[in-house]
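In what follows, a structure is listed as structure tokens, so that the remarks can point back to it.
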Amino acid sequence: MENKPTSSNFIRNIVIEDLESGKHSDIITRFPPEPNGYLHIGHAKSIVLNFELADEFNGKTNLRFDDTNPIKEDTEYVESIKEDVHWLGFQWDKLLFASDYFEEMYNRAVLLIKKGKAYVCDLTPEEIRNYRGTLTEPGKESPYRSRSVEENMDLFQRMRKGEFKDGEKVLRAKIDMNSPNINMRDPIIYRIAHAEHHNTGDKWCIYPMYDFAHPIEDAIEGVTHSICTLEFEDHRPLYDWVVEECEMESKPQQIEFARLNLTNTVMSKRKLKLLVDEKIVDGWDDPRMPTIAGLRRRGYTPESIRNFCREIGVAKASSVVDSQMLEHFIREDLNKKAPRSMAVMRPIKVVITNYPEGQVEWLESEVNPDNPEAGTKMIPFSREIYIEEEDFMENPPKKYFRLFPGNEVRLRHAYFIKCTDFIKDENGRVVEIHCTYDPETKSGTGFTGRKVKGTLHWVSASHAVPAEFRLFEPILLENEEDNKDFLECINSDSLEVLQGFVEPDMKDVKPQDKFQFVRHGYFNVDYKYTTKEKPVFNRIVSLKSSFAVKK
């Protein structure tokens, strides 16, 4: 991985202080996703933060799956998360599962019961919500709160044996129904779920709640700094209560930071799953999705995502980041890496009437002008070529400098051509343009006789390789509003598919190869739709943006 700049933030300062004070001699962090969906760009921020923080101080980072909800979790998600973390350039110290600790968690729950700190409750979920109170009103104690230790032990053991139905009973921590923090009002710590678990099968029918499992996992693993997003700040007292009352030897510290919010971007796994289930996209890896798999398929590089995450930094205050910043970093990364090529996406044929029939010239072109070491390549030029439909107008407005009757333009790497005539079909659409060329104007010969204002890209018709181009717009028309149905915000025009041509050297491209198509932007070869006969290119990003990163 490339050398990375070290930027200060409040979490890094805490780590430095803990090391200098002797509170910790080693740093252990973890990335703990729930395997109930694919990771998105917001998770990338957490991955980069946890792994690079530990790496800076010669610590360790574990990848741990918080798989405590068998109803929503799947092995497919486990494998996709592992692939994403590796692809981003990180290697975990240990691969762990919350489900590995189910027996230990059960024993800690028994300990709470024996200490009089937990009880089995028969209230329905709706009753529990009603009893909990509000932010301004205290909660009300459950009628089952005073059950004896013996009765609670008996019921909890029977819950484990599968004697009760889903939702019939729960185990709750006994804390304080009058607490100003609603999370401390006797939270549920175990529920019944007769469901197959991806890791433990049907061994268990009771499962710990996240707020109970997470601190125990951190403590078992010796995590020193449990870094999570800001919505867990109100859960921190419960996190500390579980660690203390369950008598865990290790005392991890929970630290919260602001999650990543991007303009015009869905950042909810539930909503992303809805897009997949409703077939609005063609899977979790659809290039319009902000999932890491989607960004990878679209053509984003690990380097661009890591640099983006470092640039946005780590803060306590929530904010919304302009999605153009992410685009800036992929442009910056690909500028020197991506070979240049010419592609025509909305083709119209041009016949150069005074060019010899059957003749082919091979013209030299730089592979990447911003990287001289990339060398040069040869491009075929012939009597018939394709140009972009938008590069010709029969009756152009003022300051239109491309091709129109009587006007002369330069063909990139080739000659000046002048429009003499054109042919229309029965619908009045121009289908063929006739031009003449000036053999004295060949690029690279130093011709200075006259100047033209327009330069067009093109592809030789007899050598052109048919290709498909997939152009994307944000899948959200606007940032979601609380009072608006999520599906009403979907942009029905987020995908445009075009059929055109590319240069002949593109016939052997491989999935994930990246190019800059002149005037069109950066493109990536799609691994799902590309065939031997026809490459499919996803536009990663256009060439220019008004966005600028502050120095």
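Label positions at Glu141 and Glu233, each projected 7 Å from the Cα along the C-beta direction, are separated by 3.3 nm.
Please get the size of the charge dipole for the stretch 390-490, origin at its Cα centre, with Cβ charges of +1 on Lys and Arg and -1 on Asp and Glu, quoted in debye to the nearest 20. Could the numbers behind the result be given before it?
Working: 14 positive and 18 negative charges, 234 e Å.
So the dipole magnitude of the stretch 390-490 works out to roughly 1120 debye.
State the three equivalent ellipsoid semi-axes of the stretch 37-177, derived from the C-alpha gyration tensor as the square roots of 5 times its eigenvalues, in descending order and whole Å. Mind dumping the intermediate values first?
Working: eigenvalues 277, 66, 53 Å².
Equivalent ellipsoid of the stretch 37-177: 37, 18, 16 Å, largest first.
Taking amide H positions as modeled 1.01 Å from N, with prolines and chain starts lacking one, the residues under 5 Å from Tyr190 and 5 or more places away or on another chain are Leu171, Met209. Taking the average, over residues, of other Cβ atoms within 10 Å as the packing measure, peptides 492-505, 249-262 rank 249-262, 492-505 from highest down. Per the Debye calculation on the chain with a single equal scatterer at every Cα and no solvent contribution, log₁₀ I(q)/I(0) for q = 0.06, 0.11, 0.13 Å⁻¹ amounts to -0.43, -1.03, -1.30. A convex hull fitted around the alpha carbon atoms of the stretch 433-534 yields 189 Å³ per residue. Remark on the stretch 352-402: Rg and Dmax equal 15.8, 44 Å (Cα only). Candidates Ser319, Ser365, Ser341 compared by Cα position along the dipole of the stretch 253-401: farthest toward the positive end lies Ser319, with charges placed on Cβ. Remark: the stretch 149-254 is approximated by an ellipsoid whose semi-axes, taken from the C-alpha gyration tensor as √(5λ), come to 25, 18, 13 Å, largest first. For the stretch 263-402, pairs of C-alpha atoms spaced more than 24 angstrom apart make up 59 percent of the total. With all projection directions averaged, the alpha carbon convex hull of the stretch 7-70 covers 5.1 nm². Qualifying chymotrypsin sites (Phe, Trp or Tyr not before Pro) in the stretch 1-100, where qualification requires a DSSP coil assignment and no more than 14 other C-beta atoms within 10 Å, are lacking entirely. Among Asn58, Ile14, Ile352, whose Cα lies farthest out toward the positive end of the dipole of the chain, if unit charges sit on the beta carbon of Lys, Arg (+1) and Asp, Glu (-1)? Highest projection toward the positive end goes to Ile352. Residues whose amide H comes within less than 5 Å of that of Gly454, counting only those at least five positions distant or on another chain, are Arg410 (H built at 1.01 Å from N in the peptide plane).
A short reminder: the numbers here are calculations on the coordinates, not readings from a lab. Since we're looking at a predicted model, the values are computed, not measured. Every residue, glycine as well, gets a Cβ built from its backbone with ideal geometry; the counts of neighbours run over all protein chains shown.
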